[in-house]
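Taking it in order: structure first as structure tokens, then the write-up.
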Amino acid sequence: MKLILIGIQGAGKSTQGNLLSKKLAIPYLSTGHIFREIAKEKTAMGRYIKEIMNAGYLIPDDKTNEIVSEYLSRPEYEKGYIMDGYPRTLTQSKSFKNGIDKVIYLNVSDKEALWRLSFRNTDSREDETLAALRKRIESFHKFTEPVLDFYRKKGELIEVDGEKPIKDIFQEILGKLGVKI
Ligand code: AMP
């Protein structure tokens with residue numbers, strides 16, 4: 001099964017992604033994690049990615065598409081995956097040819113996401129300043145909401161209330177995917 005997780009930062013994508021990965025026995029990957037690894041490299045590319053991420057901006061579509069398609073061509077993702085953080089723009093959605101079964105949207109208000117993130121341990125996240133968080137929320141409304149409409153029209157969108165308890169959200173997703181609990 002090929003699944004996409006969409007939601008603002010703090011919506012619980014990695015929590016649900018990891019639960020789904022265990023339950024469905026398919027790998028979970030996140031573009032945020034991939035980019036954070038690249039940003040650690042002491043190369044021109046590493047510095048470039050780091051600068052964009054720390055400012056809370058999106059990595060350009062061309063670069064993102066290239067990196068994601070390289071990852072998804074690996075044998076471990078052949079049978080399926082749970083992808084967190086991609087596609088995030090309409091251009092990325094339109095150029096994504098890897099096949100998708102369902103897109104899961106974890107709907108959480110901006111206020112709730114900021115509240116949750118203010119409690120998150122940010123030691124390992126250099127890109128989680130308040131200014132960057134606000135920028136990311138702004139980018140979500142501007143660039144990622146059209147992605148939701150794109151998949152909604154195709155009948156591939158599963159929308160869940162991301163403010164419910166973790167277990168309830170997980171069960172709702174499984175139910176909407178038609179997976180036995
Ligand atoms: P995340 O952990 O998903 O919040 O991603 C952290 C950062 O990685 C984002 O703020 C972007 O700078 C970058 N990023 C992750 N996924 C994408 C994407 N699909 N397109 C562009 N930039 C991305």
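Structural remarks
- Likely footprinting exposure, 88, 152, fewest C-beta neighbours within 10 Å first: 152, 88
- Each other residue within a Cβ distance under 12 Å of residue 1 adds +1 if Lys or Arg and -1 if Asp or Glu, for a net charge of +3.
- Residues of region 72-106 with amide N under 15 Å of the 7 Å Cα→Cβ point at residue 62: 92
- Neighbourhood charge, 12 Å Cβ-Cβ cut-off, centred on residue 156 and excluding it, Lys, Arg +1 and Asp, Glu -1: +3
- Estimated D of region 110-163 in µm² per second, where Rh is the Kirkwood radius over Cα pairs and Stokes-Einstein applies at 4 °C, 1.567 mPa s: 100
- In summary, the lysines within cross-link reach of residue 50, defined as a Cα separation below 23 angstrom excluding same-chain residues under 8 places away, comprise 13, 40, 42, 63, 135, 142.
- When only alpha carbons of the chain are considered, Rg and Dmax amount to 15.7, 47 Å.
- Residues 50, 154, 23 arranged by fewest to most Cβ contacts within 10 Å: 154, 23, 50
- Spatially proximal aspartates and glutamates relative to residue 164 (Cα-Cα < 19 Å; intrachain offsets below 8 disregarded): 110, 112, 172
- Counting only Cα atoms, the size of region 1-79 along its three principal axes is 38, 29, 20 Å, in decreasing order.
- Sites residue 47 and residue 131 - FRET efficiency at Förster radius 25 Å, r taken between beta-carbons, to 0.05: 0.80
- Spin-label pair residue 40-residue 14: with each label point 7 Å from Cα along the Cα-Cβ axis, the two points sit 1.2 nm from one another.
- The peptide list 113-120, 136-143, put in order of mean Cβ contacts within 10 Å with the highest first, becomes 136-143, 113-120.
- Close amide H partners of residue 86, meaning residues 5 or more places away or on another chain with modelled amide H under 5 Å apart, are 5, 31.
- Environment charge at residue 81 (Cβ cut-off 12 Å; Lys +1, Arg +1, Asp -1, Glu -1): -1
- From least to most packed, judged by other beta carbons within 10 angstrom and beginning with the fewest, 105, 77, 86 follow the order 77, 105, 86.
- Efficiency of FRET between residue 25 and residue 109 - r from beta-carbon atoms, R0 30 angstrom, step 0.05: 0.40
Computed from the coordinates by the stated procedures, all read-outs in this text should not be read as laboratory data. Treat the numbers as computed from the prediction; the structure is a model and nothing was measured. Please note: Cβ atoms are built from the backbone with ideal geometry, for glycine as well, and neighbour counts cover all protein chains shown.
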